[in-house]
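Shown next, in structure tokens, is the structure this report addresses.
Rule-based calculations on the coordinates, nothing more; no lab input. All figures in this text were calculated on a predicted structure; none of them were measured in a lab. Every residue, glycine as well, gets a Cβ built from its backbone with ideal geometry; the counts of neighbours run over all protein chains shown.
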Amino acid sequence: MTHTERARSYIDAVLTGTIPASKQIKEACRRSKELFERQSDPTFPYFYHADQAERVCNIIQMLPHVKGRWAAQGKKLLLEPWQCWVVTSLYGWLRKDNGTRKYRRVTLVIPRKQGKSLMMAGLLIYHLLFDGETGAECFCGASNLKQAKEIFNAARQMLIMTPEIREFTGCEVNAASIVCPGTNSKAEPVIGRPKDGSNVSFGVIDETHQLRDLALYESFETGTGAREQALLVSVSTAGFGTENPCRELQLQAEKVLYGTVEDEELFAAIWTIDDGVDWKSDLALRMANPNAGISVTMDYLRSQQLSAINNPAKYASFATKHLDITVGASSAYFSLEKWRACTDTVKMDDFAGEDCWVAIDLSQKIDLSAMSTVFRREIDGHPHFYVFSDCFTSEEAVSNNPVYAQWAAKSLLHVNDGNVVDKDAILEVIEGYAAKYKLAEFIFDPFNSAFIEQDIAKLFPNVAQVELLQRAISMTNPMKLLQELIVQQHIRHNGDPVLQNSISNVIALRRGNLIQPGKEKPEQKIDAAVAAIMAVSRAATTTPKKRFRPFAI
């Protein structure tokens, strides 16, 4: 089998369930399969160059193992199917317009002892000596010099053990650098930032979770700007807490994998376990460790697992290093997979003349405000709820946020001039809906809504205004209700990426036995999800009448 065939066999095995895999790996494989299916479309901007993919894999497999029994036996590297998938994806997919590589950034979250250092060392050697880049500058970065040298030293030792490659390329292997005078190229380990003026052709950051922040990553990324097809790789196990840089890159990558944000230049693969999988099981070990039974034995993984079972103090280390669970991070409250299963082709216009519940979650005027409009229909004796979202922001917010700009370009946001959300823009949308649908209720969080409640009361005096406090005591049942309806697929929505992003960001802030919606980081917006929670809860528990007096919950 060719390396491309082995890669595609891995994709198929993941998608059919033959190989246990996390939802993130399934999404990444689904995206890879979709690329192959779309390449025959003349308007598709990418094509797959099988010969180029094979060439890179063959070069990597010319390199020797440098440690352990396989090094003692003089064996060469052999890419496993999952590695073939990664490598052929990165080097096989090219742009039709200029022939350069599709992917420029890579986020790999993978447990220890999976052969990541050897694979990265192979890529370093390829970029330094075989990529055809004059003046190539390749860097191995990390939080400390010892870690930065892990990949560099592996590459260095590989070249020491292959004099035929040194002779063919003319490279010189030094203690702290590898240089190729013929092409004016170099590779070296770095901590902190590369020197000013560095033009990074290949950068790999090892154990990203150990960094204090993303300054090194951002420095590498800036340094790639002058290269036509540079590659920047973050490869790491998980870490502790929500503030570690690996977690930040993982969350960004997941939004791309799930289709919430578009980024065609990012390749991401995150080996971990799914929510609900017992971390004490063999399934967890196989799901998170793609090289289990090859570079790391199942006996070893089971012994580490048993040690964590018997000694809870060891759980955190085991979870982060061998299952890629970010210890201290909160799990998403709503299953994004189940939310996506509720996607429907239904359009808002289909509900002309029907009752609707409108909930508004207002920002403090300077960022994103959200409005959720929910319709209710009985299907087979069960109520189903159709959720539509409108999000409002300012021109300044869009100019400062690339994701907002992406959404705005697709008309997924209502954008007004200036630097604050204009309440008149919200009122204009509501008035448009009032002409098409029957407004049953308006639902607000009273904390931030006074500036618009009075205007709505004047415009729609016969429509009830309900105040729903965003506190645990009043949000517990609405959150649980929406979660239950999603699982039952009694929620229907149109796949709005802004709403999906908001749903994916919701975590449960616990107050004893009560919960309220929260978020892991301030920049993770949940406004659209909160509005949906409020609107669905009222649509599920009230019957519209012609006249109400305002009341509060």
Inset, instruction - Could you state the angle between the C-alpha long axis of helix 50-60 and the longest principal axis of the C-alpha atoms of the chain, as a value from 0 to 90 degrees rounded to the nearest 10? - result: 60
Inset, instruction - Rank these for me by crowding, K186, K347, going from fewest to most other beta carbons within 10 Å. - result: K347, K186
Inset, instruction - Report the relative contact order of segment 282-329, percent, no decimals, based on alpha-carbon pairs under 8 angstrom and at least 6 residues apart. - result: 36
Inset, instruction - Report, in degrees rounded to the nearest 10, the 0 to 90 angle that the Cα long axis of helix 81-92 makes with the longest principal axis of the chain. - result: 90
Legend entry - Answer label for Rg and Dmax of the Cα atoms in Å (calculated), chosen among (i) 34.1, 117; (ii) 26.4, 88; (iii) 24.8, 75: (ii)
Legend entry - Paired Rg and Dmax values of segment 3-270, which use every Cα atom, in angstrom: 17.7, 51
Inset, instruction - If a/c stays under 1.5 just call it rounded; otherwise compare a/b with b/c (prolate if a/b is bigger, oblate if not). Do that for segment 1-142, with a ≥ b ≥ c from the square roots of the Cα gyration tensor eigenvalues. - result: oblate
Inset, instruction - At 7 Å along the Cα-to-beta-carbon direction for both M348 and N448, put a label point, then send me their distance in nm to one decimal. - result: 2.1
Inset, instruction - Go through A238, P497, Q465 and say which Cα lies farthest out towards the positive end of the charge dipole of the chain; charges sit on Cβ, +1 for Lys and Arg, -1 for Asp and Glu. - result: A238
Inset, instruction - Any chance you could run the full-extension gain for L145 through D12? It's 0.36 nm times the residue separation minus the Cα-Cα distance, nm to one decimal. - result: 43.9 nm
Inset, instruction - Per DSSP H run of n ≥ 4, the term is -39500 (n - 2.57); total these for the chain, divide by its residue number, and report the mean residue ellipticity at 222 nm rounded to 500 deg cm²/dmol. - result: -12000 deg cm²/dmol
Inset, instruction - Would you mind checking K23/K521; K410/K521; K23/K347; K33/K436; K67/K314; K438/K519 for any pair whose Cα atoms are more than 31 angstrom apart? - result: K33/K436; K438/K519
Legend entry - Euclidean distance between Cα centres, segment 127-145 to segment 205-241, Å: 13
Inset, instruction - Starting from the Cα of K525, draw a straight line to each of the lysines and keep only those under 16 Å, dropping any in the same chain fewer than 8 residues away. - result: K255, K365
Legend entry - Sites L469 and A434, calculated FRET efficiency, Cβ-Cβ separation with R0 30 Å, nearest 0.05: 0.70
Inset, instruction - Counting only C-alpha contacts under 8 Å and six or more residues apart, can you give the relative contact order of the chain as a whole percent? - result: 13
Legend entry - Neighbour-limited loop hits for trypsin sites (Lys or Arg not before Pro), segment 9-105 (at most 13 other Cβ within 10 Å; DSSP other than H, G, I, E, B): K67, K75, K96
Legend entry - Nearest-ten-degree value, helix 23-38 long axis tilted from longest Cα axis of the chain: 80
Inset, instruction - Give the Rg (one decimal place) followed by the Dmax (whole number) of segment 337-541, computed from C-alpha coordinates and expressed in Å. - result: 16.0, 48
